Amino acid sequence: MKTYLVGGALRDRLLGRAVADRDWLVVGTTPEAMTARGFLPVGRDFPVFLHPETREEYALARTERKSAPGYRGFTVHAAPDVTLEQDLARRDLTINSIALPADLAGAGGDFDLDLSTLIDPFGGQRDLRNKVLRHVTDAFREDPVRILRVARFAARFDDFTVAPETLALMRGMVAAGEADALVPERVWQELSRGLMEATPSRMFEVLRACGALAVLLPEVERLWGVPQRADHHPEVDTGVHLMMVLDMAARLAAPLAVRFACLTHELGKATTPADVLPRHIGHEQRSAKLLRAVCDRWRVPVELRELADVVAREHGNIHRSAELGAAALVRLLERCDALRRPERFAQALLACECDARGRLGFEERPYPQRERLLAALAAARSVATDAVAQQALDAGATGARIGEAIQRARIAAVATAMRDEATGGPW
C-alpha cells in the first residue's frame, strides 16, 4: 500500500498560494483494509475514508468508465490493481493531476517542495508555468460537471487561459447534450463556488464560450446584446455591465447572497432576444419572475432567493431614493421588510452599490444611498411602537388604525432625520 498527496494542495503550493485542504490517494489496498486500520468510510459513489485522527480524506485509487449520460452515469472501479497514473489520468485538469509520496509530505501534510520528487505524468507543472487550464485525457468528456469546474477555476485563476483543445472538447460536450443532464445540486454547488472566486465574470465568460451558459442560465445569456439605458452608458450592453457588477461584488468582499442577487437583479431587461426595451420599463417585476424560475431550476437556498427578490424588485427605487420624501422612504423600507430584517436590507443595499459602481467610470464613486437608507432605517426603528400603539388604543383606535399610527410615527422620525441632514445635523 502506498499513499500520495494529490491535487489542489500541490497546485496551490506550486502557485505560491496558501494550502487550505489536503487530499490523499491510497494505492494498492481495499476498503476492508482501510476500515481495519480505523479509517471511517464516507464515500457514497466511490471509496473515500476519513483518517481516524486528522479527519482528512483518503480516497482509494480508481478508474471510471462512462455507462450513461449525465453526472451519475459512471461505473467506478476501485481495486488494489489500479495504479497511481491510472487514477491521475481520470482527473479533470493537468494542474490537478500531480502527486507527491506521503512520506515526503510530513505527517500533518506540510512539505518542502522539491520538484524532483513530484510525480507529474501529464505536464501539470508546465501548464502552471504557462497559466493554462488543460484537460488530462479525453476521459474529461465523461463528466459534464467538469465544464463548470473549468469555468470556476478560470474565475479563481483569472490570469489563466483555457487551452483551445479543452474549450473545443467542452463545446462538443454541450452540443452532445451533456450539460442538459447535470443535476441541480452539482450545478448550484459549482455556480455558488464560482461566484465567490476573485473574478466571477471569468466563470461566465468561459460558460458562454463553450455554450453552457445558454443551457444552464439562458436568462443571463440573453442579456448580452441588450443596450444599457441612455443615461447608463449605452455603449456597454447589459451582459457586460452584469459582469462588471459581479466583479465589483468580489472587490467589495460581498457574501454569496449578495453576489447571487447581483447576478439575477436585471434578468428582466431581455426576456427574449427580440425583447429589447431601451428604457427597460417594468423590468423589475419581470426580473423577479425570471428569478423564481432560476431558483426553482437549480434549487437555490431560500435565504438567497429572498434577498435576490428584494433586490430585483426594488433596486431602481433604492438607486432613486435620494429623490424620496419621508413617507416614500418608509414605504420602501416596509416593502423590503427592512424593519423586521435589517441585516438583509443592509445586504440589499450592498448589492445595489455593486450595481451602481459596476459601470465604466463609476468604479470609485461613492454610493450615498446606502448610508442614507441605513440612517432612515435606524430612525424608523427607533420609534417605540408599543408606546405609540398604546396611545392609539387610548384614543379609541383599533385594528388597521393602530398600524397607521405607528407608520405615521415612523414617517415623522424619518422626516426629523432628514431635517437634521439638511441642517448639517447627525444624519
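The values are calculated or read from the model by the stated rules, or taken from the named source; none is laboratory data. This is a predicted model, so every value here is computed, not measured. Neighbour counts are summed over all protein chains in view; Cβ atoms, including those assigned to glycine, are modelled from backbone coordinates with ideal geometry.
For the stretch 82-100, which positions are in a helix (DSSP H, G or I) and surrounded by 15 or more Cβ atoms within 10 Å (Cβ to Cβ)?
Leu84, Asp87, Leu88, Ala89, Thr94, Ile95, Asn96
Those residues that are outside any helix (DSSP H, G or I) and over 14 Å from Glu57 (Cβ atoms), I need them from the stretch 6-23; list them, please.
Leu15, Gly16, Arg17, Ala18, Val19
Give me a count of the residues in the stretch 185-202 that are under 12 Å from Val145 (Cβ atoms) and either among the β-branched types (Val, Ile, Thr) or in contact with a Phe, Trp or Tyr (Cβ under 8 Å, 6 or more places away or on another chain) (or both).
4
If a residue counts only when it is under 22 Å from Leu252 (Cα atoms), which helices (runs of 4 or more DSSP H) contained entirely in the stretch 339-400 have at least 2 such residues?
342-357, 368-381
Out of Ala400, Ala395, Ala379, report the one residue that is farther than 30 Å from Met244 by Cβ, over 30 Å from the mean Cα position of the chain (by Cα) and either at pLDDT 95 or above or surrounded by 14 or more Cβ atoms within 10 Å (Cβ to Cβ) (or both).
Ala379
Regarding the stretch 319-327, can at least one residue be identified that is of a type in the set (Gly, Ala, Ser), within 27 Å of Met244 (Cα to Cα) and modelled with pLDDT under 95?
yes
State which residue pairs qualify: first residue surrounded by fewer than 21 Cβ atoms within 10 Å (Cβ to Cβ) and inside the stretch 1-15, second residue of a type in the set (Ser, Thr, Tyr) in any location, beta carbons under 7 Å apart, and separation of 6 or more residues or different chains.
Met1/Thr29
Quick check: is even one residue across the stretch 371-383 among the acidic types (Asp, Glu) and in contact (Cβ under 8 Å) with a residue 40 or more places away in the chain?
No, the stretch 371-383 has no match at all.
Among the residues of the stretch 1-31 satisfying the criterion of being under 27 Å from the mean Cα position of the chain (by Cα) and β-branched (Val, Ile, Thr), which is modelled with the lowest pLDDT?
Among those residues, the one meeting the criterion is Val19.
Considering only residues that are among the acidic types (Asp, Glu) and modelled with pLDDT of 95 or more, which ones fall in the stretch 94-131?
Asp120, Asp127
Do any residues in the stretch 241-270 that are over 15 Å from Leu307 (Cα atoms) have Cβ atoms under 7 Å from those of residues that are at pLDDT 95 or above and of a type in the set (Phe, Trp, Tyr), where the two are at least six apart or on different chains, and which pairs are they?
If the second residue must be at pLDDT 95 or above and of a type in the set (Phe, Trp, Tyr), the pairs left are Met243/Phe204.
Just to be sure, is Ala181 out of contact with any helix residue (DSSP H, G or I) (no Cβ under 9 Å at 6 or more places or on another chain), at pLDDT below 95 and of a type outside the set (S, T, N, Q)?
yes
Being part of a helix (DSSP H, G or I) and surrounded by fewer than 19 Cβ atoms within 10 Å (Cβ to Cβ) is the requirement here; does Asp103 meet it?
So Asp103 fits the description; yes.
Would you pick out the residues in the stretch 307-323 that are touching a helix residue (DSSP H, G or I) at 6+ places or on another chain (Cβ under 7 Å) and not small (Gly, Ala, Ser)?
Within the stretch 307-323, Leu307, Asp309, Val310, Val311, Arg313, Glu314, His315, Asn317, Ile318, His319 meet the criteria.
Sort through Pro164, Pro218, Pro200 and tell me the only one that's surrounded by fewer than 20 Cβ atoms within 10 Å (Cβ to Cβ) and within 23 Å of Ser287 (Cα to Cα).
Step by step, each of Pro164, Pro218, Pro200 is checked, and only Pro218 is surrounded by fewer than 20 Cβ atoms within 10 Å (Cβ to Cβ) and within 23 Å of Ser287 (Cα to Cα).
In this structure, is Arg419 of a type in the set (Lys, Arg) and modelled with pLDDT of 95 or more?
It is false that Arg419 is of a type in the set (Lys, Arg) and modelled with pLDDT of 95 or more.
Inspect the stretch 225-236 for any residue being in contact with a Phe, Trp or Tyr (Cβ under 9 Å, 6 or more places away or on another chain), at pLDDT 95 or above and of a type outside the set (Val, Ile, Thr) and give the result as yes or no.
Checked the stretch 225-236: no residue is in contact with a Phe, Trp or Tyr (Cβ under 9 Å, 6 or more places away or on another chain), at pLDDT 95 or above and of a type outside the set (Val, Ile, Thr).
When the residues of the stretch 23-60 are narrowed to those that are over 12 Å from Ala99 (Cβ atoms) and charged (D, E, K, R), which ends up surrounded by the most Cβ atoms within 10 Å (Cβ to Cβ)?
The extreme case among them is Glu57.
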